[in-house]
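Student: Once you've had a glance at the structure underneath, I'll fire off some questions.
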Amino acid sequence: MTVLGVTTIAVSIIGFPAMPREYKRAEAKNYGISPTGLSPAYPEKYACSPLTSLYASWIDVDGTKREEIHSGVDGGRLGDEIFAPGPGVVRASWEADWGWGKEGAMLVRHSRSGLNLRGGPAYYYSAFYHMRIEDTRAFKEGDPISRGQVLGTVSRPGGKLRYLPEVHWEVYEVADDGALTWGLNERGAPFWTNASAKLVDPLHMLALHRPPDEDGMVLIEPFVSGRSYASFRGFTYILPCARK
């Protein structure tokens, strides 16, 4: 399966590069889609719906090599809720088609101040694919989004039963939100581009509040309803975590 020219899968995490002994935040962004060495560590007191494919993976779940490197992370089980990783605004919500059928897609813009970050780009994008069309129709451009708000539920690429369930999540650093433009692919479906947007590992954004350990393990921060995130930096997890 391919999103924006990048093959995606969803079963279990295997075949990822060895993690570095020392985490360097600047290198962890790895513009241009190269391995960051970051991996998720789920909190002991929670049972979390897992990430099933990581950023910059070349190895598919069956051990074969992908045709193209992975541009985001995949995760979730069928029907899992998808939570907004931070406050923002809906930039677009549309019907996408990347070759395996029509599906819902959503682009959310986050601001540096909204994520409590002092430096870095003015904006960040979260792009979600393989969503249910019915879910994305509930949103329109300009809708405000709060941290932890339910954006939809995990579905299958194109809604087809022959594909495994997953949500594909990409994250971008964005210097100029006004540079967002739209086109139509060979299937007549919309796609977006922004010349100022740079892909980053979503786990990098999940590590801004609490840095990874020396092995590159990022402790996942679940979204907990009722908790204050007034000073929380970066992103919280987009999938459900239930207390054990």
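Student: Could you list all residues from the stretch 228-244 that are under 14 Å from Ser111 (Cα atoms) and touching a Gly at 6+ places or on another chain (Cβ under 9 Å)?
Tutor: Hits for the stretch 228-244 are Phe232, Gly234, Phe235.
Student: Yes or no: the stretch 159-180 includes at least one residue that is touching an Asp or Glu at 6+ places or on another chain (Cβ under 7 Å) and either more than 25 Å from Thr36 (Cα to Cα) or without any contact (Cβ under 8 Å) to a residue 24 or more places away in the chain (or both).
Tutor: Yes; the residues of the stretch 159-180 include at least one that is touching an Asp or Glu at 6+ places or on another chain (Cβ under 7 Å) and either more than 25 Å from Thr36 (Cα to Cα) or without any contact (Cβ under 8 Å) to a residue 24 or more places away in the chain (or both).
Student: Criterion first (of a type in the set (D, E, K, R), in a loop (DSSP other than H, G, I, E, B) and either at pLDDT 95 or above or closer than 17 Å to Ser53 by Cβ (or both)) does Arg162 satisfy it?
Tutor: In short, no.
Student: While we're on this one: Search the stretch 129-157 for residues being under 14 Å from Leu78 (Cβ atoms) and not basic (Lys, Arg), and hand back the single one that is modelled with the lowest pLDDT.
Tutor: Just the residues of the stretch 129-157 that are under 14 Å from Leu78 (Cβ atoms), to begin with: 130-132, 135, 152-157.
Of the ones still in play, those that are also not basic (Lys, Arg) are 130-131, 135, 152-155, 157.
Values: His130: 94, Met131: 97, Asp135: 97, Gly152: 98, Thr153: 97, Val154: 95, Ser155: 95, Pro157: 89.
Top of the filtered list is Pro157.
Student: If I go through the stretch 175-197 residue by residue, how many of them are under 17 Å from the mean Cα position of the chain (by Cα) and either farther than 29 Å from Glu81 by Cα or exposed (fewer than 15 other Cβ atoms within 10 Å of the Cβ) (or both)?
Tutor: Result for the stretch 175-197: 1.
Residue-by-condition table, conditions (1) over 15 Å from Leu239 (Cβ atoms); (2) in contact with a His (Cβ under 9 Å, 6 or more places away or on another chain):
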residue	(1), (2)
Thr136	yes, no
Phe139	yes, no
Gly142	yes, no
Leu151	no, no
Val154	no, yes
His168	no, yes
Arg187	yes, no
Phe191	yes, no
Ala195	yes, no
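Student: Exactly one condition in (1) on the phi < 0 side of the Ramachandran plot; (2) surrounded by fewer than 22 Cβ atoms within 10 Å (Cβ to Cβ) is false for Gly142; which is it?
Tutor: Failing condition for Gly142: (1).
Student: State the number of residues belonging to the stretch 175-215 that are closer than 26 Å to Gly142 by Cα, among the charged types (D, E, K, R) and not in a strand (DSSP E or B).
Tutor: Result for the stretch 175-215: 3.
Student: Take the residues in the stretch 72-116 that are closer than 27 Å to Gly188 by Cα and either among the hydroxyl-bearing types (Ser, Thr, Tyr) or assigned to a loop (DSSP other than H, G, I, E, B) (or both), then tell me which one is modelled with the lowest pLDDT.
Tutor: Trp100
Student: So which of Tyr229, Tyr237, Tyr172 is of a type in the set (Ser, Thr, Tyr), within 21 Å of the chain's Cα centre (by Cα), surrounded by 12 or more Cβ atoms within 10 Å (Cβ to Cβ) and part of a strand (DSSP E or B)?
Tutor: Working: Tyr229 fails: part of a strand (DSSP E or B); Tyr237 fails: part of a strand (DSSP E or B).
None of the other options fit; the residue is Tyr172.
Student: Looking for whichever is of a type in the set (A, V, I, L, M), within 25 Å of Gly79 (Cβ to Cβ) and crowded, with 22+ Cβ neighbours inside 10 Å here; the options are Val224, Val167, Val218. Which one fits?
Tutor: Numbers: Val224 fails: crowded, with 22+ Cβ neighbours inside 10 Å; Val218 fails: within 25 Å of Gly79 (Cβ to Cβ).
Of Val224, Val167, Val218, the one residue that is of a type in the set (A, V, I, L, M), within 25 Å of Gly79 (Cβ to Cβ) and crowded, with 22+ Cβ neighbours inside 10 Å is Val167.
Student: Another one. Return the total of residues in the stretch 190-236 being touching a residue at least 60 places away in the same chain (Cβ under 8 Å) and of a type in the set (Lys, Arg).
Tutor: Qualifying residue count for the region: 2.
Student: To continue, here is another question. Could you tell me how many of the residues in the stretch 104-118 are farther than 17 Å from Leu180 by Cβ and of a type in the set (S, T, N, Q)?
Tutor: 2
Student: Restricting to the stretch 69-108, and then to whatever is touching a residue at least 60 places away in the same chain (Cβ under 8 Å), surrounded by 21 or more Cβ atoms within 10 Å (Cβ to Cβ) and over 12 Å from the mean Cα position of the chain (by Cα), can you tell me which residue is nearest to Ala230 (Cα to Cα)?
Tutor: Of everything passing the filter in the stretch 69-108, Arg91 is nearest to Ala230 (Cα to Cα).
The values are calculated or read from the model by the stated rules, or taken from the named source; none is laboratory data. These figures come from a predicted structure and were not determined experimentally. When we count neighbours, we look across all protein chains shown, and the Cβ atoms used for this are built from the backbone with ideal geometry, even at glycine.
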